[in-house]
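Values in this text are rule-based calculations from the coordinates and carry no lab data. Note that the structure is a prediction, hence the values are computed from the model and not measured. All Cβ positions, glycine included, derive from the backbone under ideal geometry; neighbour counts span all protein chains shown.
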Amino acid sequence: MEIATLAPLLLVVLFGSLALGLWVGFALIAVGLVAMLVAAPAPASLVFATKVWGGLSVWDLTALPMFIWMGEILVRSRLSSDMFSGLAPFTARLPGRLLHVNVLGCALFAAVSGSSAATTATIGRMSLPELRARGYDDRMAIGTLAGSGTFGFLIPPSIILIVYGAATEQSIARLFLAGVLPGLMLAALFAGYIMIWATLNKDKMPPAEPPVGRREAFRAAARLLPVVGLILAVIGSIYLGIASPTEAAVIGVAGAVILASATGALAWADFLESLRAATVTTCMIAFILAGAAFLTVAMGYTGIPRELARAIGAMELTPYALLAMLTVFFIVMGMFLDGISIVVLTVSIILPMVTAAGIDPIWFGVFLVLVVEMSQITPPVGFNLFVIQTITGRDIFAVARYAAPFFGLLVLAVGLLSLFPGIALWLPGTMLSR
Amino acid sequence: MRRTLDRLYEAAIWLAAATFALIAVLVLLQILGRLADRAARFLDFPPLGLTIPSLAEIGAFLFTGAVFLGLAGTLQAGSHVRVKLLIQALPDTAAPWLGAAVCAAAAALAGFATWSSALQALDSLQFGSVSYGVIPIPLVIPQGVMTAGLGLFCLSLTDAMVTLVRGGAPAHQLAETRTEAGK
């Protein structure tokens, strides 16, 4: 069959099965199966098992359950309530005051958790009731949370970057380090926006909180020190090349268990529950990865990714024009698909075209994460929106409206990252490799 | 019957969870062994050489096995990702039928996956394929677990389809509704 008829057929199968409510992993398998039956000389039966087996039995992927588990343990600890009391006194003098707790809290929590939904839920359950009780503008409180919650994917450890690294055979350690500076840049952009907004909208800010004594403030902040230590140990050991990502993650799990049980917050039942939750999330992600492993090979047989790369190459776009085009494409995809599905579809179909254009695959991983972060806050399908709808009872379209300025800042961050690729590539370049 | 099936899914996912915990313990032992070696060298003792041979390979096999064992339980927990816009928009009379059709399609695809995986495991058994590492592991063991997990997944999807056709609400649907309502 000609590519001109095959490609639309596959698109119909993909989006048709997704729209009907077929699980994402199965939709990928279905498209792969149709592609194999129509275009491949090899029997699909053997290819499926070989590629899925080969794609999943990869040592690097064991970092996935470990990092998820570490986050699940800390979610069940007293970390989130400590976070509010520990961070709040230090934001009191900034314009926007406690609104910054959302940004700082999410950035800190993102450094122990690889998931945006977990980051949003944990920080939101603690900060939104506090902010509302103190009379902060609801729209701004919800918007900052929805935006900052997306840090979970960018600031290492990042589930999305593990998935991308495993699927493209890039170093996960380097990808993690590439995410650090863009993550901090994004946090600075969000904090800057809050300051400007608060200065322009003084009438919407509640009266100042009573000042907290210096000693009390430091005592509250000191409770966050063990977690900061854990973050430095996990990221630092990867940076120094002492530990592989899996080893760093296991250190993180052990540290999280010690921290949580030392504060008396982790009962045996919570421990088991955290393990079960990590298992469920890992199986969910791994099943999508399995579908993607099969789809990637099937797509290779059809020749569509090669053709696409050639067609784009023939258009002689500048890298900026190509990236702008891809950004728009991903934003549209992100309205309907979740982050991991976007990443695996990209790897199957778009990556050959990107590498042909001479774009660094590590840099592209960070670019992809930023775009995937946008997909978390665009309706009708955006996981951060679902989480916040659950916490606040506002419908997802309202939450998306409040989050719109932060969506704009994410687009700005993509622009900055494209103009200055060093923001992502400098830190991994200085890494002490083994 | 209902109870037996639910227990089966639950047992499989706990086995998966225990396997992930086992990976963590093995990696932790490896790190402690390395630290002990460093300490020994620092104190001028001969290194103890406490390493776990072929950990990377064994860990990858354990991971793969665990993932497939957990698939059915993850479905029961309503955690496999899907787009529910259309199913939610349909009237209550039509939605279960679309749900059942989707389950049937998924069960068929899972059946294909199980069959394909079984062929691979049989191949490994016939040719006696083993892994490359210091400890040669017969590949039929992890590949057999993968087949069993996929088979169980197929069973759980068929189970959900039958429940929907009979007018009931399958576990994954109840769990999805619970998550949307905020637990």
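What to note about this one:
- The mean sequence separation of alpha-carbon pairs under 8 Å and at least six residues apart, normalised by the residue count of the range A:29-184, gives a relative contact order of 23 percent.
- Mean-position separation - Cα centroids, the range A:198-258 and the range A:1-52, in angstrom: 45
- Rounded to the nearest 10 degrees, the inclination of helix A:159-168 to the longest alpha-carbon principal axis of chain A is 20 degrees.
- Value of relative contact order over the range A:1-55, rounded to a whole percent, pairs C-alpha under 8 Å and six or more apart: 29
- Shielding of A:241-247 by partner chains, average beta-carbon count, 10 Å: 3
- Once C-alpha pairs closer than 8 Å and six or more residues apart are averaged by separation and normalised to the residue number of the range A:153-262, the relative contact order reads 22 percent.
- Stokes-Einstein translational diffusion, the range A:331-409 - Kirkwood Rh over all Cα pairs, 0.890 mPa s, 25 °C, in µm²/s: 184
- Distance between the range A:382-434 and the range B:51-105 - C-alpha centres, whole angstrom: 27
- Dividing the helix sum by the residues of the protein assembly as shown, where each DSSP H run of 4 or more adds -39500 (n - 2.57), gives a mean residue ellipticity at 222 nm of -25500 deg cm²/dmol.
- Angle between chain B longest axis and helix B:2-42 axis [Cα atoms, degrees, rounded to 10]: 20
- Shape analysis of the range A:247-331 based on the Cα gyration tensor places the equivalent ellipsoid semi-axes at 45, 18, 11 Å, largest first.
- C-alpha center-to-center spacing [the range A:64-95, the range B:141-178] in angstrom: 36
- Extreme residue, positive dipole direction of the range A:269-418, given options A:Phe271, A:Ser348, A:Val328 (C-beta unit charges): A:Val328
- At 1.567 mPa s and 4 °C, Stokes D of the range B:47-166 from Kirkwood alpha-carbon radius, µm² per second: 78
- Shielding of B:100-106 by partner chains, average beta-carbon count, 10 Å: 4
- Candidate aspartates and glutamates - alpha carbon under 19 Å from A:Lys202, same-chain residues fewer than 8 apart omitted: A:Asp137, A:Asp138
- Note on B:Glu10/B:Ala39: beta-carbon distance plugged into 1/(1 + (r/R0)^6) with R0 of 35 Å gives a FRET efficiency of 0.25.
- Most to least packed among B:169-175, A:314-320, A:82-88, A:243-249 [average Cβ atoms within 10 Å]: A:243-249, A:82-88, B:169-175, A:314-320
- Each 10 Å bin from zero up to the one holding the largest Cα-Cα distance in the protein assembly as shown carries the following percent of pairs: 3, 16, 27, 28, 18, 7, 2, 0.
- Hydrodynamic radius of the range A:277-383 by the Kirkwood approach over all distinct alpha-carbon pairs: 14.7 Å.
- Net charge dipole size for chain A [Lys, Arg +1 and Asp, Glu -1 on Cβ; Debye, nearest 20]: 940
- Cα long-axis angle, helix A:361-376 against chain A (0 to 90 degrees, to the nearest 10): 70
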